[in-house]
Amino acid sequence: MEEIIAGVRAFQRDVYPKYQELFAQLAAGQSPHAMVITCSDSRVDPFLFTQAQPGQLFVLRNAGNIVPEYGAFVGGVTATIEFAVVELRVPNIIICGHAGCGAVSGLLHPERIGHLPEVTDWLRHAAKARKLVDESGGVDAPDAMERAVAANVEVQLDNLRTHPCVAHALETDKIQLHGWIYDFVTGMVQAYNPQTQQFAPLAD
(Lines give C-alpha, C1' and ligand atoms only; values in the text may rest on other atoms or scores of the structure.)
Protein backbone atom coordinates (compact mmCIF):
# COMPACT_ATOMS: atom_id res chain seq x y z
CA MET A 1 0.00 0.00 0.00
CA GLU A 2 2.88 2.39 0.64
CA GLU A 3 3.77 2.36 -3.05
CA ILE A 4 0.17 3.04 -4.04
CA ILE A 5 -0.19 5.92 -1.58
CA ALA A 6 3.11 7.37 -2.76
CA GLY A 7 1.73 7.19 -6.30
CA VAL A 8 -1.37 9.16 -5.27
CA ARG A 9 0.82 11.83 -3.74
CA ALA A 10 2.97 12.01 -6.85
CA PHE A 11 -0.17 12.30 -9.00
CA GLN A 12 -1.53 15.15 -6.89
CA ARG A 13 1.80 16.94 -6.83
CA ASP A 14 3.21 16.37 -10.32
CA VAL A 15 0.53 15.09 -12.70
CA TYR A 16 -2.82 16.61 -11.71
CA PRO A 17 -1.67 20.23 -12.25
CA LYS A 18 -1.00 19.40 -15.92
CA TYR A 19 -4.58 18.11 -16.33
CA GLN A 20 -6.35 20.64 -14.14
CA GLU A 21 -7.90 22.52 -17.06
CA LEU A 22 -9.06 19.27 -18.69
CA PHE A 23 -10.66 18.02 -15.48
CA ALA A 24 -12.41 21.36 -15.07
CA GLN A 25 -13.94 20.89 -18.54
CA LEU A 26 -14.89 17.29 -17.77
CA ALA A 27 -16.74 18.43 -14.66
CA ALA A 28 -19.51 19.57 -17.01
CA GLY A 29 -20.00 16.02 -18.31
CA GLN A 30 -18.42 13.24 -20.31
CA SER A 31 -18.60 12.32 -23.98
CA PRO A 32 -16.24 9.37 -24.43
CA HIS A 33 -15.09 8.32 -27.88
CA ALA A 34 -15.51 4.64 -27.09
CA MET A 35 -16.56 2.10 -24.52
CA VAL A 36 -13.87 -0.50 -23.86
CA ILE A 37 -14.86 -3.86 -22.39
CA THR A 38 -11.69 -5.57 -21.31
CA CYS A 39 -10.25 -7.93 -18.73
CA SER A 40 -9.60 -7.05 -15.09
CA ASP A 41 -6.04 -8.38 -15.48
CA SER A 42 -3.63 -5.96 -13.81
CA ARG A 43 -1.30 -6.12 -16.81
CA VAL A 44 -3.93 -4.73 -19.18
CA ASP A 45 -4.37 -0.96 -19.16
CA PRO A 46 -6.44 0.39 -22.06
CA PHE A 47 -5.50 3.98 -21.26
CA LEU A 48 -1.84 3.02 -21.56
CA PHE A 49 -1.90 1.09 -24.83
CA THR A 50 -4.29 3.53 -26.54
CA GLN A 51 -2.61 6.59 -25.01
CA ALA A 52 -6.10 7.96 -24.32
CA GLN A 53 -6.70 11.01 -22.16
CA PRO A 54 -9.19 11.19 -19.26
CA GLY A 55 -12.72 11.42 -20.64
CA GLN A 56 -12.00 9.58 -23.89
CA LEU A 57 -12.70 5.97 -22.81
CA PHE A 58 -15.61 4.54 -20.84
CA VAL A 59 -14.13 1.33 -19.44
CA LEU A 60 -15.83 -1.83 -18.20
CA ARG A 61 -13.56 -4.53 -16.79
CA ASN A 62 -14.26 -8.05 -15.64
CA ALA A 63 -12.62 -11.48 -15.65
CA GLY A 64 -12.31 -12.53 -19.29
CA ASN A 65 -13.85 -9.39 -20.88
CA ILE A 66 -17.20 -11.19 -20.86
CA VAL A 67 -20.60 -9.85 -21.95
CA PRO A 68 -23.41 -12.22 -20.95
CA GLU A 69 -26.19 -12.59 -23.49
CA TYR A 70 -29.08 -10.26 -22.75
CA GLY A 71 -31.49 -11.79 -20.26
CA ALA A 72 -28.98 -14.37 -19.08
CA PHE A 73 -27.55 -12.16 -16.37
CA VAL A 74 -28.81 -8.89 -14.93
CA GLY A 75 -26.04 -6.97 -13.26
CA GLY A 76 -23.27 -4.47 -13.59
CA VAL A 77 -22.26 -5.48 -17.10
CA THR A 78 -25.77 -5.05 -18.53
CA ALA A 79 -26.34 -1.80 -16.67
CA THR A 80 -22.99 -0.34 -17.72
CA ILE A 81 -23.56 -1.18 -21.39
CA GLU A 82 -27.02 0.38 -21.27
CA PHE A 83 -25.70 3.57 -19.67
CA ALA A 84 -22.88 3.86 -22.21
CA VAL A 85 -25.12 3.30 -25.23
CA VAL A 86 -28.31 5.08 -24.21
CA GLU A 87 -27.12 7.87 -21.95
CA LEU A 88 -23.58 8.58 -23.18
CA ARG A 89 -24.29 7.55 -26.79
CA VAL A 90 -20.83 6.12 -27.32
CA PRO A 91 -20.15 5.72 -31.05
CA ASN A 92 -17.88 2.70 -30.58
CA ILE A 93 -17.63 -0.35 -28.34
CA ILE A 94 -14.37 -2.29 -28.26
CA ILE A 95 -14.21 -5.75 -26.74
CA CYS A 96 -10.55 -6.29 -25.97
CA GLY A 97 -9.15 -9.68 -25.02
CA HIS A 98 -5.51 -10.23 -24.23
CA ALA A 99 -2.73 -12.77 -24.55
CA GLY A 100 -2.17 -14.98 -21.53
CA CYS A 101 -5.67 -14.41 -20.11
CA GLY A 102 -6.19 -16.38 -16.90
CA ALA A 103 -9.95 -16.53 -17.41
CA VAL A 104 -9.50 -18.06 -20.86
CA SER A 105 -7.00 -20.54 -19.44
CA GLY A 106 -9.63 -21.52 -16.86
CA LEU A 107 -12.16 -21.89 -19.65
CA LEU A 108 -9.91 -24.36 -21.44
CA HIS A 109 -8.91 -26.22 -18.26
CA PRO A 110 -11.77 -26.02 -15.75
CA GLU A 111 -10.01 -28.48 -13.46
CA ARG A 112 -7.56 -25.68 -12.62
CA ILE A 113 -10.30 -23.43 -11.25
CA GLY A 114 -12.41 -26.01 -9.42
CA HIS A 115 -11.69 -24.15 -6.18
CA LEU A 116 -13.25 -20.98 -7.67
CA PRO A 117 -16.97 -21.74 -8.02
CA GLU A 118 -17.98 -18.16 -8.83
CA VAL A 119 -15.35 -17.87 -11.55
CA THR A 120 -16.43 -21.24 -12.95
CA ASP A 121 -20.04 -20.06 -13.08
CA TRP A 122 -19.04 -16.76 -14.69
CA LEU A 123 -17.13 -18.53 -17.45
CA ARG A 124 -20.27 -20.31 -18.65
CA HIS A 125 -20.92 -17.05 -20.53
CA ALA A 126 -17.87 -17.94 -22.65
CA ALA A 127 -18.69 -21.62 -23.15
CA LYS A 128 -19.22 -21.11 -26.89
CA ALA A 129 -15.58 -20.04 -27.22
CA ARG A 130 -14.37 -23.30 -25.69
CA LYS A 131 -16.62 -25.22 -28.09
CA LEU A 132 -15.06 -23.39 -31.04
CA VAL A 133 -11.59 -24.31 -29.81
CA ASP A 134 -12.64 -27.93 -29.33
CA GLU A 135 -13.88 -28.03 -32.92
CA SER A 136 -10.79 -26.40 -34.42
CA GLY A 137 -7.93 -28.43 -32.98
CA GLY A 138 -8.68 -29.13 -29.34
CA VAL A 139 -7.86 -27.45 -26.02
CA ASP A 140 -4.44 -29.12 -25.66
CA ALA A 141 -3.00 -27.99 -28.98
CA PRO A 142 0.02 -25.62 -28.80
CA ASP A 143 -2.01 -22.71 -30.15
CA ALA A 144 -5.16 -23.41 -28.12
CA MET A 145 -4.80 -20.34 -25.89
CA GLU A 146 -4.28 -18.04 -28.85
CA ARG A 147 -7.32 -19.46 -30.62
CA ALA A 148 -9.40 -19.33 -27.43
CA VAL A 149 -8.61 -15.68 -26.74
CA ALA A 150 -9.67 -14.81 -30.30
CA ALA A 151 -12.78 -17.01 -30.14
CA ASN A 152 -13.80 -15.43 -26.86
CA VAL A 153 -13.66 -11.93 -28.35
CA GLU A 154 -15.87 -13.07 -31.24
CA VAL A 155 -18.34 -14.77 -28.89
CA GLN A 156 -18.58 -11.71 -26.66
CA LEU A 157 -19.22 -9.50 -29.71
CA ASP A 158 -22.10 -11.81 -30.61
CA ASN A 159 -23.40 -11.64 -27.03
CA LEU A 160 -23.15 -7.85 -27.11
CA ARG A 161 -25.42 -7.73 -30.15
CA THR A 162 -28.20 -9.41 -28.15
CA HIS A 163 -28.56 -6.35 -25.90
CA PRO A 164 -31.56 -4.36 -27.16
CA CYS A 165 -29.89 -0.96 -26.81
CA VAL A 166 -26.89 -2.17 -28.82
CA ALA A 167 -29.07 -3.84 -31.46
CA HIS A 168 -31.07 -0.63 -31.90
CA ALA A 169 -27.93 1.50 -32.15
CA LEU A 170 -26.54 -0.87 -34.79
CA GLU A 171 -29.78 -0.78 -36.79
CA THR A 172 -29.70 3.02 -36.81
CA ASP A 173 -25.96 3.25 -37.61
CA LYS A 174 -25.21 5.00 -34.35
CA ILE A 175 -22.56 2.60 -33.13
CA GLN A 176 -19.74 0.40 -34.38
CA LEU A 177 -18.44 -2.74 -32.67
CA HIS A 178 -14.78 -3.71 -32.63
CA GLY A 179 -12.88 -6.78 -31.46
CA TRP A 180 -9.27 -6.40 -30.31
CA ILE A 181 -6.57 -8.60 -28.81
CA TYR A 182 -3.77 -6.95 -26.83
CA ASP A 183 -0.42 -8.61 -26.18
CA PHE A 184 1.19 -6.82 -23.23
CA VAL A 185 4.53 -8.57 -23.84
CA THR A 186 4.97 -7.22 -27.38
CA GLY A 187 2.63 -4.21 -27.28
CA MET A 188 0.84 -5.58 -30.34
CA VAL A 189 -2.88 -4.91 -30.79
CA GLN A 190 -4.79 -7.02 -33.31
CA ALA A 191 -8.23 -6.11 -34.64
CA TYR A 192 -10.96 -8.41 -35.91
CA ASN A 193 -11.90 -8.04 -39.56
CA PRO A 194 -15.49 -9.25 -40.10
CA GLN A 195 -14.91 -9.58 -43.86
CA THR A 196 -12.00 -12.01 -43.51
CA GLN A 197 -13.12 -13.28 -40.08
CA GLN A 198 -9.50 -12.97 -38.98
CA PHE A 199 -7.47 -10.81 -36.60
CA ALA A 200 -4.75 -8.63 -38.07
CA PRO A 201 -2.38 -6.02 -36.58
CA LEU A 202 -4.29 -2.82 -35.91
CA ALA A 203 -1.49 -0.76 -37.43
CA ASP A 204 -2.24 -2.41 -40.80
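Remarks
- Computed E for Asp158/Ser40 - FRET, C-beta separation, R0 25 angstrom, nearest 0.05: 0.70
- Comparing mean-square fluctuations of Glu82, Glu135, Glu154 from a GNM of the chain with C-alpha springs under 10 Å, the top value falls on Glu135.
- With 0.36 nm allotted per residue and the present C-alpha distance subtracted, the Arg61-Thr196 stretch has 45.8 nm of extension available.
- Rounded FRET efficiency, nearest 0.05, which uses the C-beta distance separating Val86 from Ile4 and R0 of 45 Å: 0.85
- At least 18 Å along the helix axis (C-alpha) and Kyte average at least -0.5, DSSP helices within the chain: 144-161
- Qualifying chymotrypsin sites (Phe, Trp or Tyr not before Pro) for region 1-92 [loop in DSSP, other Cβ within 10 Å: at most 14]: none
- Here region 165-180 and region 66-116 have alpha carbon centers that stand 17 Å from each other.
- Table column - 3J(HN,Hα) (Hz), region 185-199, Karplus curve with 6.51, -1.76, 1.60, x for Gly and Pro: 6, 9, x, 6, 10, 10, 10, 7, 9, x, 6, 8, 6, 9, 9
- Charge-dipole axis of region 103-157 as Lys and Arg at +1 and Asp and Glu at -1 on Cβ define it, positive-most pick from Trp122, Val133, Met145: Trp122
- Cα-Cα pairs of region 9-105 separated by more than 22 Å (percent): 39 percent
- Percent accessible area from carbon and sulfur atoms, the chain, protein chains only, probe 1.4 Å: 54 percent
- Relative contact order for region 3-154, counting Cα pairs under 8 Å that sit 6 or more residues apart, in percent: 22 percent
- Label sites at Gln51 and Ala167, each approximated as a point 7 angstrom past Cα along Cα to Cβ, lie 4.0 nm apart.
- Estimated inter-spin distance, Asp143 and Asp183, nm [label 7 Å along Cα→Cβ]: 1.2 nm
- Hull volume in cubic angstrom per residue (convex hull over the Cα atoms of region 25-65): 70 Å³
- Region 133-181 - percent relative contact order, Cα under 8 Å, separation 6 or more: 32 percent
- Point-to-point label distance, Lys131-Ala79, nm (Cα→Cβ direction, 7 Å offset): 3.0 nm
- Rolling a 1.4 Å probe over the heavy atoms of the protein chains gives the chain an accessible area of 58 Å² per residue.
- Less than 5 angstrom separates the built amide H of His163 from those of Tyr70, all sequence-distant by 5 or more or on a different chain.
- Sum of -39500 (n - 2.57) over DSSP H runs of 4+, divided by residues of the chain (222 nm, nearest 500): -11000 deg cm²/dmol
- Accessible area of Ser40 in the full protein assembly, 1.4 Å probe (Å², nearest 10): 70 Å²
- Radius, Kirkwood style, for region 109-177 when every pair of distinct Cα atoms is counted (Å): 13.6 Å
- Computed from the alpha carbon positions, the gyration tensor of the chain leads to an equivalent ellipsoid with semi-axes of 29, 22, 17 Å, biggest first.
The values are calculated or read from the model by the stated rules, or taken from the named source; none is laboratory data. These figures come from a predicted structure and were not determined experimentally. Note: ideal-geometry Cβ built from the backbone for every residue, glycine included; neighbour counts use all protein chains shown. When the accessible area is computed, the model is the full protein with side chains, heavy atoms only, and any ligands, DNA or RNA have been set aside. Shrake-Rupley method; radii C 1.70, N 1.55, O 1.52, S 1.80 Å.
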